[in-house]
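Q: Quick one: structure below, then a few questions.
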Amino acid sequence: MINRVLIRIRVVQILFSYSQGETTDMRKAENELLFSLQKSYDLYFYLLSLLVELTDSYAQKVDNRKSKLLPTEEDIKPNTRLLKNKFILQLRENLELNKYLKDRPFSWYEHETFVRRMLDNILNSDIYREYMESDSHNYDNDREFWRKTFKHVICTDEELYTLLEDESLYWNDDIEIIESFVLKTIKRFEENKGTAQELLPMFKDDSDREFAVKLLRESLWNGKEYRGLIDKYTKNWESERIALMDMVIMQIAIAEIVSFPSIPISVTLNEYIDIAKSYSTAKSASFINGILDAIVKELKEEKKIIKK
């Protein structure tokens, strides 16, 4: 689930932080990298659990209406279709989700006001109205309701972003990425899998975890050499005019180009140019592209990299 886009962003953030200090503790840097990726994986489970929490909030709402002093017929006999949603009933009992939340608990109860407001948004949405009016009462329809609700109601709520960013600094930059994995998970759910429905693993395979650690190590260990290359092609620039983030992004990009022969150069360049667009200055992308193109040409001529 933790893809290489997110890994690259995390390595850039950690190296940028270390570049502002005088010493580098490799073990500490590695631990921080893996911890930050673990926090991203936490967010995946917490967002899944939010769907269950919203359903529980609706159950409470239904109970409260029944207890009114002068309940209406609708209060006494509410529509319970949402409470009987087959996808949510399956998600609630999912073995992986429950084990994870037991080991690394996170309570939406602390954000009860947010949950109630989000529930109201859902109940007032066209998605909910269409769901309640539909004559199709099956698992696929139940699952599709929550997929649409998550994508178009939950993911578009600005307060959710603020809440999560306040909860953890590590969630500031990866909320949208993790939301995409939650959507993917909802689509993958199958009724016949029951409580054993598989969720996404933290890493697709060991190679992604190894990529994360190796990219950080190579960027730090060979930082002086890579910065020397960068200096060679930026000698006509005043050093104070070059953003530190640009230097860090180029340093890591060179580390990836040199250390991972199976990754095409074009892929690496595009990934770090995209990072520059989001994390550095307006002119950084074109500046970084030009410098890295020159460095790649030199490394190829010296046969220090042999790939496309």
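The values are calculated or read from the model by the stated rules, or taken from the named source; none is laboratory data. Note that this is a predicted model, so its numbers are computed, not measured. Note that each Cβ is placed from the backbone with ideal geometry, even for glycine, and that neighbours are counted across all protein chains shown. The area values use the complete protein model at the heavy-atom level, side chains included, leaving out ligands, DNA and RNA. Shrake-Rupley method; radii C 1.70, N 1.55, O 1.52, S 1.80 Å.
Q: Please enumerate the residues belonging to region 291-303 that are in a helix (DSSP H, G or I) and loosely packed, with under 12 Cβ neighbours inside 10 Å. Walk me through it before giving the result.
A: Here is the first cut: in region 291-303, the residues in a helix (DSSP H, G or I) are 291-301.
Across region 291-303, the qualifying residues are 297, 301.
Q: Under 9 Å between Cβ atoms, which residue pairs at least 6 apart in sequence (or on different chains) link something in region 264-286 that is touching a residue at least 40 places away in the same chain (Cβ under 8 Å) and closer than 14 Å to residue 8 by Cβ with a partner that is among the charged types (D, E, K, R) and part of a helix (DSSP H, G or I)?
A: Pairs found: 271/4; 271/8; 271/256; 272/8; 272/256; 275/8.
Q: As an exercise: evaluate residue 246 against (1) among the charged types (D, E, K, R); (2) touching an Asp or Glu at 6+ places or on another chain (Cβ under 9 Å); (3) under 20 Å from residue 8 (Cβ atoms) and give the number of the one condition it does not meet.
A: (2)
Q: Continuing with the same structure: For residue 220, which of the numbered conditions (1) closer than 27 Å to residue 92 by Cβ; (2) crowded, with 19+ Cβ neighbours inside 10 Å; (3) among the hydrophobic types (A, V, I, L, M, F, W, C) fails to hold?
A: So the condition that residue 220 fails would be (1).
Q: Taking the conditions exactly as written (within 24 Å of the chain's Cα centre (by Cα), loosely packed, with under 15 Cβ neighbours inside 10 Å, among the basic types (Lys, Arg) and at pLDDT below 95), does residue 104 satisfy them or not? Even if it seems obvious, please write down each step before you answer.
A: Working: within 24 Å of the chain's Cα centre (by Cα): yes; loosely packed, with under 15 Cβ neighbours inside 10 Å: yes; among the basic types (Lys, Arg): yes; at pLDDT below 95: yes.
Criteria met by residue 104.
Q: Of all the helices (runs of 4 or more DSSP H) wholly in region 109-185, which have at least 2 residues that are open to solvent by 80 Å² or more (accessible area, probe 1.4 Å)? Before the answer, list the steps.
A: Details: elements: 112-123, 126-133, 139-149, 158-167.
In region 109-185, 112-123, 126-133, 158-167 are the helices (runs of 4 or more DSSP H) which contain 2 or more residues that are open to solvent by 80 Å² or more (accessible area, probe 1.4 Å).
Q: In region 1-55, what residues are β-branched (Val, Ile, Thr) and either open to solvent by less than 10 Å² (accessible area, probe 1.4 Å) or touching a residue at least 60 places away in the same chain (Cβ under 8 Å) (or both)? Walk me through how you get there before you give the answer.
A: Of all residues in region 1-55, those β-branched (Val, Ile, Thr) come to 2, 5, 7, 9, 11-12, 14, 23-24, 52, 55.
Listed by number, the residues that qualify are 2, 5, 7, 9, 11, 12, 14, 24, 55.
Q: Scanning region 78-92 for residues that are in contact (Cβ under 8 Å) with a residue 60 or more places away in the chain and crowded, with 19+ Cβ neighbours inside 10 Å, which turns out nearest to residue 53 (Cα to Cα)?
A: 91
Q: In addition: Go through region 252-264 and report how many residues are open to solvent by 10 Å² or more (accessible area, probe 1.4 Å) and touching a helix residue (DSSP H, G or I) at 6+ places or on another chain (Cβ under 6 Å). If you could, list the steps in order and put the result at the bottom.
A: If we filter region 252-264 for residues that are open to solvent by 10 Å² or more (accessible area, probe 1.4 Å), which is where we start, we get 258-264.
Still in the list and also touching a helix residue (DSSP H, G or I) at 6+ places or on another chain (Cβ under 6 Å): 259.
Qualifying residue count for the region: 1.
Q: Does residue 46 count as under 30 Å from residue 112 (Cβ atoms), of a type in the set (Phe, Trp, Tyr), in a helix (DSSP H, G or I) and touching a Phe, Trp or Tyr at 6+ places or on another chain (Cβ under 7 Å)?
A: Values: under 30 Å from residue 112 (Cβ atoms): yes; of a type in the set (Phe, Trp, Tyr): yes; in a helix (DSSP H, G or I): yes; touching a Phe, Trp or Tyr at 6+ places or on another chain (Cβ under 7 Å): yes.
Judged against the criteria, residue 46 is a match.
Q: Hey, another quick one. State all residues of region 276-302 that are out of contact with any helix residue (DSSP H, G or I) (no Cβ under 8 Å at 6 or more places or on another chain) and of a type in the set (Ser, Thr, Tyr); if no residue qualifies, say none.
A: Listed by number, the residues that qualify are 278, 286.
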